[in-house]
Amino acid sequence: MFRNTLSRLINYKELIIVVAIGLSTLFLIDSILIQGFLKDDYYQEKLTADRIHAKVQSSLESHVTALIALKVIYQNFIDINQYDFEQYGTSITASLPGFKRLMYIDKNFLVKQIYPSTPENKGFYNYAIAKEPKMMSVLTEAKNADQATQGKSISRLLNFSNTGKSFWAFIPIFRNQNKEFLGFAAGELSIESIWRSAGPASPHYQVQLIDPEGHQLFKGVNLGDKQSVSQFEFMLLGQHWLIQLRPLESNLQNHRVQRASLWLGGLLILLLLVLINYNSKRHKRELSILSQQFETIFEASPDGILLLDDKLNIQLANPVISQWVGQTAEALSERPFFSVFACNCPHLAKCQSLPHLLCTTGEFQQDLPDVLETRLLQNDTDRSIPVTYRLNTAKISSKRKGKTINQFICVLGDITASKELERVKENYVATLTHDLKTPLLAQKMVLNNIIESGLTKNFPLAQERLLQGATESVQDLLDMVNSTLLFYRLESSHIKLNKQVTGLKDLLKDILGDIQPLAEKRSMTIALDCPLESPDVLIDPIQMKRVFQNLLSNAIHHSYKKSVIQVRVSESPEQQAVNIAVINKGPGIPNDLQAKIFDKYYTLSRRFKQIGTGLGLYISKCIVQLHGGTITVESTLNKETTFVVILPANLTAISTGSKHGSKQSSGPESEKETQNIPT
């Protein structure tokens, strides 16, 4: 049992260390805090006393400044007795409530002006200060002061004619560069009023001021036992004063609250650290399990798995890859992916240096096949059939030291068997389609012979319509068979172009003549807009005739009745190309479908309840690309649709004057195929 307990403790040793360090830190901080409380009490009381002193000193200086302003007025006033002393006193006492009274004492030490004009104060007019020995002594000292200092303020706690202890400030007044003595600006101040106007010093203390003679200024404040009260001495305008403080709250209680806060906050932080440590251990265990699962999948997967860096160099390879390549994972490390596997990207010529694995997120995304395929860059002597692999990639982005690092996971699956099965199925369908062509041609010949022989003249109208419908159905089936056969020939690269220098205008006239009956059945008109001297093009006239027949046939089936289909030919000398545009007015093609209509087996015919294989535009695109050209579409819903074929112009033929008509062909069988209009 002891061993089990010890084993469990060892598993949680990190948690135990965190708890021990946390508790030790709290005890250390608490002991430091207790020692600091004792010093903090003294400093807090000293700071409070200094603040009270600063506020009283600042307020006193403001009152003395008011007396200095009064002195400046007097020393520049011609007749002092005419100065409106009442107005000045009213404005001063409104902003400085510490003034109990203001006086002007002339050079003979007589009171000549006084504010406020109360009955008591009016009795002091012409009062001789000589009757006040202490005040007379202070005034004489001020008068005899160094006149170069413009006179100095003398502030003392004095009695004035038995009015009680008051704080007085005296400012001597001189004129004519301090040669002519005019008297004094004097003010009686209330320290208690000044202190109250300065605001409470601290909400945590009771405050008492003791004057230089030991008298308490605040009569309503009783601090009780002086032994428990802190005293601080300071200078106030040349005299020694005392300030006494007593805390309103118990320091011990305040200290307990602070210590409790310390422990509560510390324990909460410690608990948080314990939870973080516990979750970290749990996540490490889960990460270890996931790592083991990944290693199992990586090692036992029947598919090949590769990890590539941002430069597409191999970082990791599972055993399946090593088996396919015949090299160990160490030998494959840091080798470029495309030095081991072939790139079957359809845009390889355009990509240049673009990593082809990124094509799925690049500008070629819409043209990529649904499944990317690749193969090994070596001959497989053990198998007669080339080995093909399905390639799936995914990008992994992470940040290291502030930089984004991209990696790629590649999963390769051997799809050789399915590709072979697909090839067998396609061969079967191609053979079956080819075998269907013969009976369809026979049916078409029989139906045409019946119609051309004139036997239908004696048929009822209903039977004649049925016969005509059967003929058209056979023709539709034959067109679909021809399109399917041509598709398989294109897919297997069995198409070889028989290029000839062809007059484009003559070729288009020939095509319009063949397709005009189909347009007339829908009351449509086809207009050809071609320059008189249209350039020659080096093309296979039979295959290009199939392209334009398909475009015109689609335009007829998807245009409004009685509308006009336009065929425009224009030259681009700077591009050395010829543009052929087929324009029709109809429902149009939605924007999201315009990129799909050139895909194989995709058709809009079913949307309009028409028959179609979905191979016509795909075949047209393949034929145009075999000629080095391009085919595009632009469409506006319910307005206009334009298909544009761009073919390289044969500038050499123009300079030599060699021209050939569009009727040239490679043989009777090819001539017969050009009469069919694929859909």
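Note on residue 134 and residue 83: the model spin-label points, each 7 Å out from Cα along the C-beta direction, lie 2.7 nm apart. Using modelled amide H (1.01 Å from N, peptide plane; none on Pro or chain starts), what sits under 5 Å from the amide H of residue 206, excluding residues fewer than 5 places away? For residue 206, the qualifying residues are 246, 248.
The order of the peptides 561-568, 542-549 by mean Cβ neighbours within 10 Å, most packed first, is 542-549, 561-568. Our coupling estimate for the stretch 268-284, obtained by passing each phi through the Karplus curve with A = 6.51, B = -1.76, C = 1.60 and θ = phi - 60°, is 5, 5, 4, 4, 5, 5, 4, 5, 4, 5, 5, 5, 4, 5, 5, 5, 5 Hz, Gly and Pro reported as x.
At a Förster radius of 25 Å, what calculated FRET efficiency corresponds to the Cβ-Cβ distance of residue 394 and residue 322, to the nearest 0.05?
Numbers: r = 21 Å, r/R0 = 0.86.
The formula returns an efficiency of 0.70 here.
Across 105, 289, the residue with the most accessible area heads the list, and the full order at a 1.4 Å probe is 289, 105.
Residues whose amide H comes within less than 5 Å of that of residue 560, counting only those at least five positions distant or on another chain, are 585, 586 (H built at 1.01 Å from N in the peptide plane).
Tell me, in nm to one decimal, what length is gained between residue 331 and residue 632 on full extension, where the rule is 0.36 nm per residue of separation less the Cα-Cα distance? Don't jump to the answer; show the numbers that get you there.
Details: separation 301, 0.36 × 301 = 108.36 nm, distance 4.75 nm.
Stretched out fully, the residue 331 to residue 632 stretch lengthens by 103.6 nm.
Can you give the FRET efficiency to the nearest 0.05 for residue 216 and residue 51, using r as the Cβ-Cβ distance and R₀ = 25 Å? Taking R0 as 25 Å, the efficiency between residue 216 and residue 51 is 0.80. First measure r as the distance between the Cβ atoms of residue 373 and residue 288, then evaluate 1/(1 + (r/R0)^6) with R0 = 41 Å and state the FRET efficiency to the nearest 0.05. The pair residue 373/residue 288 has a calculated efficiency of 0.65. With a simple spin-label model that places each label point 7 Å from the Cα along the Cα-to-Cβ direction, the separation between residue 467 and residue 409 comes to 6.9 nm. Using 0.36 nm per residue and subtracting the Cα-Cα separation, the extra length available between residue 498 and residue 232 on full extension is 84.1 nm. Computed over protein heavy atoms with a 1.4 angstrom probe, the accessible surface ordering of 375, 390, 259, 196, largest first, is 196, 375, 259, 390.
Could you go through the stretch 560-577 in sequence order and give the Karplus-derived ³J(HN,Hα) for each residue, using 6.51 cos²θ - 1.76 cosθ + 1.60 with θ = phi - 60°, rounded to whole Hz, and x for Gly and Pro? Each residue's phi maps through the Karplus curve to give 5, 4, 6, 8, 10, 9, 10, 10, 10, 10, 9, 9, 10, x, 5, 9, 6, 9 Hz.
Remark on residue 630: its backbone amide H falls under 5 Å from those of 646, a criterion applied only to residues 5 or more positions apart or on other chains, H modelled at 1.01 Å from N. List, in the order given, every pair from 311/596; 107/131; 46/100; 311/401 whose Cα-Cα distance in the structure shown is over 27 Å. The answer is 311/596; 46/100.
Computed with a 1.4 Å probe on the full set of protein chains, the accessible area for residue 195 sits at about 50 Å². Per-residue extension of 0.36 nm, minus the Cα-Cα distance of residue 303 and residue 260, leaves a gain of 9.2 nm for this segment.
The values are calculated or read from the model by the stated rules, or taken from the named source; none is laboratory data. Here the structure is a predicted model, which is why all the values come from computation and not from measurement. For neighbour counting, all protein chains shown are included, and Cβ atoms are generated from backbone atoms with ideal geometry for every residue, glycine included. Quick note on the areas: whole protein, heavy atoms, side chains included, nothing else; ligands and nucleic acids left out. Shrake-Rupley method; radii C 1.70, N 1.55, O 1.52, S 1.80 Å.
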